[in-house]
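The structure appears below as structure tokens.
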Amino acid sequence: MAYKNLIVDKKEGIGFIKINRPKVLNALNSETIKEITKVVCELENDKKIKVAILTGEGKAFIAGADISSMANMTPLEAKEFAKLGHIMLNKIERSRIPFIAAVNGFALGGGCEILQACDIAIAAKSAKLGQPEINLGIHPGFGGTQRLPRLVGIMKAKELLLTGRNIDGDEAFNIGLVNMVVEDDQLMETAEDIAGKIAGKSSVQIQFIKELVNTGLDIDLNSANSLEISYFSSGFSTYDQKEGMKAFLEKRKPIFKGK
Ligand code: HXC
């Protein structure tokens, strides 16, 4: 499928999504948000794809929602726009495919929120992350007031949301907003290395793990642990469980089939 605002590629089980609006630092307008939502569905429907990498063209990952398209919105339009963003982020978060955010530059506002819905985030050292919405007289509308405190803790999240200050890759790593920070020229190599490792695993278990962690965090611990037991036992009906354990006992690498 052709996309106007994205460059999409597929290689060795990995889907690559690059936001391609560099003139506006990859700011998210409605059209781009809809395209991202669509490409997540496209990758999910392609059974060869096991993991995806999301990054940005040029000097930004995503500099936020498109301010020029928001400036004159009515409250109803703002509500619809926020909902579009939530649909996109829920789609990423609940996708069977893990998403790796390769944060190559500015990841501000909606850009920072998108990485919070990803499963793994890697920042280039020179990346700048933050929730500067308060400087525009608004607050985050793509889940930043909710996912950020869950990721970095309540006080740190409030500090970032209330001051609107940007942080660099090292600070993002120190507060737990990203998994790792790497030299700028190592970013894509690192993301592809991690994606390659995931692509070699059982896609059944990739999906189970995502579902268990995401669902478990929304319910009480006892129910979440029961859910784990039930997923664990159903794993024993799969080819991949048999292959994984057989391969270990035969001292060879498993070949998973995702069934
Ligand atoms: C629209 C944007 C943009 C944005 C940058 N541009 N960010 N356009 N929306 N979010 C445009 C600029 O207007 C400029 O266009 C071009 O991209 C290059 O940006 P510069 O400002 O010239 O670059 P630089 O000096 O390097 O500064 C980079 C920057 C700054 C620090 C990232 O652009 C900036 O502060 N951007 C806004 C960041 C932000 O506030 N994000 C949150 C948005 S609100 P021209 O035409 O002049 O070349 C949000 C809410 C989400 O995300 C929830 C909604 C429901």
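The values are calculated or read from the model by the stated rules, or taken from the named source; none is laboratory data. Note that the structure is a prediction, hence the values are computed from the model and not measured. FYI the Cβ positions are ideal-geometry reconstructions off the backbone, even for glycines, and counts take in every protein chain you see. When the accessible area is computed, the model is the full protein with side chains, heavy atoms only, and any ligands, DNA or RNA have been set aside. Shrake-Rupley method; radii C 1.70, N 1.55, O 1.52, S 1.80 Å.
Testing I100 on (1) closer than 20 Å to V24 by Cβ; (2) more than 8 Å from the ligand (Cβ to nearest atom), one condition comes back false. Which one is that?
Answer for I100: the failing condition is (1).
Scan segment 175-189 and report the pairs whose first residue is free of Cβ contacts under 8 Å to residues at least 60 places away in the same chain and charged (D, E, K, R) and whose second residue is open to solvent by 80 Å² or more (accessible area, probe 1.4 Å) and not in a strand (DSSP E or B), with Cβ atoms within less than 7 Å and a gap of 6+ or a chain change.
Partner pairs satisfying both residue conditions: E183/K125.
Exactly one of (1) within 16 Å of the ligand (Cβ to nearest atom); (2) small (G, A, S); (3) within 25 Å of K59 (Cα to Cα) is unmet by A121. Its number?
(1)
So which of G110, G169 is closer than 22 Å to T190 by Cβ, buried (at least 16 other Cβ atoms within 10 Å of the Cβ), under 17 Å from the mean Cα position of the chain (by Cα) and in contact (Cβ under 8 Å) with a residue 24 or more places away in the chain?
The unique qualifying residue is G169.
Can you find, within segment 82-97, the residue that is nearest to the ligand (Cβ to nearest atom) among those that are of a type outside the set (S, T, Y) and open to solvent by less than 10 Å² (accessible area, probe 1.4 Å)?
Among them, the one singled out is G85.
Of all residues in segment 127-159, count the ones that are open to solvent by 10 Å² or more (accessible area, probe 1.4 Å), part of a helix (DSSP H, G or I) and either of a type in the set (G, A, S) or closer than 20 Å to M180 by Cβ (or both).
5
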